[in-house]
1. Farthest toward the dipole's positive end in the chain, which of 237, 325, 291, given Cβ charges of +1 (Lys, Arg) and -1 (Asp, Glu) about the Cα centre?
2. Would you kindly calculate the mean projected area, averaged across all directions, of the convex hull enclosing the Cα atoms of the range 161-260, in square nanometres?
3. Using +1 on the beta carbon of Lys and Arg, -1 on that of Asp and Glu, and nothing else charged, what's the dipole of the range 269-375 about the Cα centre, debye to 20?
4. Two decimals is fine: what's Rg over Rh for the range 12-104, C-alpha atoms, Kirkwood radius as Rh?
5. Starting from the alpha-carbon convex hull of the chain, give the projected area averaged over all orientations, in nm².
6. If the cut-off is a Cα-Cα distance under 17 Å, which lysines reach residue 88, setting aside same-chain residues fewer than 8 apart in sequence?
7. Based on the alpha-carbon gyration tensor of the range 31-238, what equivalent-ellipsoid semi-axes (square roots of 5 times the eigenvalues) come out, in whole Å, largest first?
8. Could you tell me the center-to-center distance, by alpha carbons, between the range 29-69 and the range 127-166 in angstrom?
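The values are calculated or read from the model by the stated rules, or taken from the named source; none is laboratory data. Since we're looking at a predicted model, the values are computed, not measured. Backbone-built Cβ (ideal geometry, glycine too); neighbour counts: all protein chains shown. Accessible surface areas use protein heavy atoms only, side chains included; no ligands, DNA or RNA. Shrake-Rupley method; radii C 1.70, N 1.55, O 1.52, S 1.80 Å.
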Amino acid sequence: MKGYQNSFEQSSLSVIGGTPLEGEVAISGAKNSVLPILAASLMLSGKTRLHNVPHLKDVTVMLRMLNALGVRAEFNHSDGVTIWNEKKVRHLAPYDLVTAMRASFFVAGPILACRGYAKIPLPGGCSIGARPVDIHLKGFEALGAKVDIEHGFVGLKADRLVGTRIPLSFPSVGATENLLMAASLAEGETVIENAAIEPEVMDLMNFLNKGGAKIQFEVPNSFRIQGVSGLKGIDEYHVIPDRIEAGTFLVAGALTGGDIRLTGVHSQDLGSVLALLRQAGVHLDVEDTSIRVKGGTPLMAVDFETEPFPGFPTDMQAQMMSLLCVATGKSRIKESIFENRYRHVTELSKMGADISVDGQDTIVTGVPELNGASVTMSDLRAGAALVISALAATGESTVFGLSHLMRGYCDFPGKLAQLGARIIPR
Ligand code: UD1
């Protein structure tokens, strides 16, 4: 294992395909939970201790952000982070950190709520689409903030945030999270309608409530928030397991014809992924906190569309496409969340996949096998898809752009190697 600990610093992975993955793998804490939770800690006075925090580049960026904003935050043991907040939060988010990671924009709501004034660089586009923040900003305005965009910075100002009804035009995960945080300290009641209800949003709600917020989830997709005057540090909080990491290992097990058991998962968060894998012929034994995947069964084409939770997650689209590349028949995929999330297609084609793209729609025609090739990751999930394809392909592959993978998978090469994968960071 030791040799893999620093694998993030390497720039490519050499993968020799053809070995079925076998054994047990522990799933880490959810990246998409811990990032907003860390941002929310700006609002909690005193000491907060988090557990099940994954060692990821994105987490490091958020810890640097908290420290830059005047809150002390650091890893204190393998998966634990302690945060000390003396309520001296600064209002200006550093440009380099926001541009390094879009999720840094999560600090907007907390700073606005604590200080009444925030200045945050616009996060801008990214490799999977334009990703504006208009829904976040409209929500802040509804809460009474004045929003100015000047010289690439968003200025937010409000003497007092006041609760209101906020119907979202789209259930944006980030906007829902930013507004949950800001509304927690607003005066009176806020109702966020057409909200995102991803498990990570629920995790943030539970975290805020443990710190003294009063947020209630209302079926099917609203949050009712009674504003409070302050939030307090939390002794112990356990971040939920990463459902996307879990889904990625399930596909890897099925694709390599392996037999692996995932531990430390929340199976109920993986409903749409498990259903689609079963429909594609994958054998799964599902318990509440563990899932065993047994490959070797014939894979069949399936059609799917990415959707907000509880639909099939866009963050699993690329990995599922890898599986369907070698399934019998034609699969139709529609990417409905992001406009430019097919950059793995060209790379999978280099490995012999037969895929055609038409706007948001893709047709994957299964081929008997993929062949090793030199390919490049364009983003985090595309990267994971290429690595698991390489594990199933014949011969050797070199997968470049490892820095994408280190953003969101906790020691992915190391965990795969433990399962018997022939994978070496270079
Ligand atoms: C979060 C996840 C990301 C996941 C995505 C969708 C984190 C850190 N990241 O990203 O892994 O892929 O949810 O499940 O949690 N949009 C707007 N205006 C806005 C906000 C969003 O037009 O103000 C659009 C985006 O461009 C995108 C879609 O809405 O096309 C979904 O975005 P959103 O749900 O906000 O995703 P993120 O929170 O950025």
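1. Of the candidates, 237 comes out farthest on the positive side.
2. Details: hull surface 31.9 nm².
In nm², the orientation-averaged hull projection of the range 161-260 is 8.0.
3. On the way: 9 positive and 15 negative charges, 66 e Å.
Around 320 debye, computed over the range 269-375.
4. Values: Rg = 16.2 Å, Rh = 14.7 Å.
Radius of gyration relative to Kirkwood radius: 1.10.
5. Working: hull surface 72.7 nm².
For the Cα atoms of the chain, the hull's average projected area reads 18.2 nm².
6. Here the lysines satisfying the reach criterion relative to residue 88 are 47, 119, 232.
7. The equivalent ellipsoid of the range 31-238 has semi-axes of 22, 20, 17 Å.
8. A separation of 22 Å, based on Cα centres.
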